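A short worksheet on the structure shown next.
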Amino acid sequence: MCLLLGATGVGKTLLVKRLQEVSSRDGKGDLGEPPPTRPTVGTNLTDIVAQRKITIRELGGCMGPIWSSYCGNCRSLLFMMDASDPTQLSASCVQLLGLLSAEQLAEASVLILFNKIDLPCYMAVEEMKSLIRLPDIIACAKQNITTAEISAREGTGLAGVLAWLQATHRANC
């Protein structure tokens, strides 16, 4: 199981839909227009088939206070942040720190996704890492943490996310 978490409106649902498209095309071809999405109320389970089936559990951003109750049986965590909204970074960082301290996630691999790099107002990844003090977080965390810049809307970086999921779930089986 892979858990997909992040604040409301960061693009989690679109990411899952785009990952399904990328995996079904083996990363080839234009993704076209982004499919319509609605804010997730509750949870969505989606299977991505890429060499093996990986189940992604997406939890709505409004469920933040109870995310930790869904951490059991989780091999990996995708944590999404909005690269175009600096006002949201501190709250996202607090949520991430809470998740990294959850005992059920001690063995999980973590991929922090900086989404919306297609927008003209996005912050550079180095600036975001500095603002949330990511080097300090990585140094103190039990988990293996990786980062990626993506655009779920345009498809930028999604092949890398899929490759990370494949490698992580192959290694953890």
Given (1) open to solvent by less than 20 Å² (accessible area, probe 1.4 Å); (2) under 20 Å from Thr40 (Cβ atoms), index of the condition Ala106 fails: (2)
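State all residues of region 32-60 that are more than 16 Å from the chain's Cα centre (by Cα) and of a type in the set (A, V, I, L, M); if no residue qualifies, say none. If you could, list the steps in order and put the result at the bottom.
To start, the set of residues in region 32-60 that are more than 16 Å from the chain's Cα centre (by Cα) comprises 32-38, 41-42, 49-53.
Hits for region 32-60 are Val41, Val49, Ala50.
Looking at the structure I just gave you, is Lys17 open to solvent by 10 Å² or more (accessible area, probe 1.4 Å), within 25 Å of Ser84 (Cα to Cα), at pLDDT 95 or above and not acidic (Asp, Glu)? Let's see the steps before the verdict.
On the way: open to solvent by 10 Å² or more (accessible area, probe 1.4 Å): yes; within 25 Å of Ser84 (Cα to Cα): yes; at pLDDT 95 or above: no; not acidic (Asp, Glu): yes.
The answer is no for Lys17.
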Yes/no for Ile66 being loosely packed, with under 12 Cβ neighbours inside 10 Å and not charged (D, E, K, R): yes
Pairs, first within 13 Å of Leu5 (Cα to Cα) in region 82-104, second among the acidic types (Asp, Glu) and at pLDDT below 90, C-beta under 7 Å, six or more apart: none
Failed item in (1) at pLDDT 90 or above; (2) out of contact with any Lys or Arg (no Cβ under 8 Å at 6 or more places or on another chain); (3) aliphatic (A, V, I, L, M), with Leu45 passing the rest: (2)
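Can you pull out every residue in region 31-52 that is touching a residue at least 24 places away in the same chain (Cβ under 8 Å) and out of contact with any strand residue (DSSP E or B) (no Cβ under 7 Å at 6 or more places or on another chain)? So that I can check it myself, show each step before the final result.
Of all residues in region 31-52, those touching a residue at least 24 places away in the same chain (Cβ under 8 Å) come to 31, 34, 37-40, 43-44, 46, 48-52.
Those that are touching a residue at least 24 places away in the same chain (Cβ under 8 Å) and out of contact with any strand residue (DSSP E or B) (no Cβ under 7 Å at 6 or more places or on another chain): Leu31, Pro34, Thr37, Arg38, Pro39, Val49, Ala50, Gln51, Arg52.
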Given (1) in contact with a Ser or Thr (Cβ under 6 Å, 6 or more places away or on another chain); (2) open to solvent by less than 30 Å² (accessible area, probe 1.4 Å); (3) over 22 Å from Tyr122 (Cβ atoms), number of the condition Ile54 does not satisfy: (1)
Those residues of region 71-87 which are out of contact with any helix residue (DSSP H, G or I) (no Cβ under 7 Å at 6 or more places or on another chain), modelled with pLDDT of 90 or more and closer than 22 Å to Asn44 by Cβ, in sequence order: Leu78
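Residues of region 127-143 being closer than 15 Å to Asp82 by Cβ and either open to solvent by 80 Å² or more (accessible area, probe 1.4 Å) or not aliphatic (A, V, I, L, M) (or both), which ones? Quick ask: steps written out before the conclusion?
Pass one, region 127-143, residues closer than 15 Å to Asp82 by Cβ: 127-129, 131-132.
Answer for region 127-143, where residues must be closer than 15 Å to Asp82 by Cβ and either open to solvent by 80 Å² or more (accessible area, probe 1.4 Å) or not aliphatic (A, V, I, L, M) (or both): Glu127, Lys129, Leu131.
The values are calculated or read from the model by the stated rules, or taken from the named source; none is laboratory data. None of the values given here were measured: they were computed from a predicted structure. Every residue, glycine among them, receives a Cβ derived from its backbone with ideal geometry; neighbour counts consider all protein chains shown. In case anyone asks, the SASA skips ligands and DNA or RNA and just uses the protein heavy atoms, side chains included. Shrake-Rupley method; radii C 1.70, N 1.55, O 1.52, S 1.80 Å.
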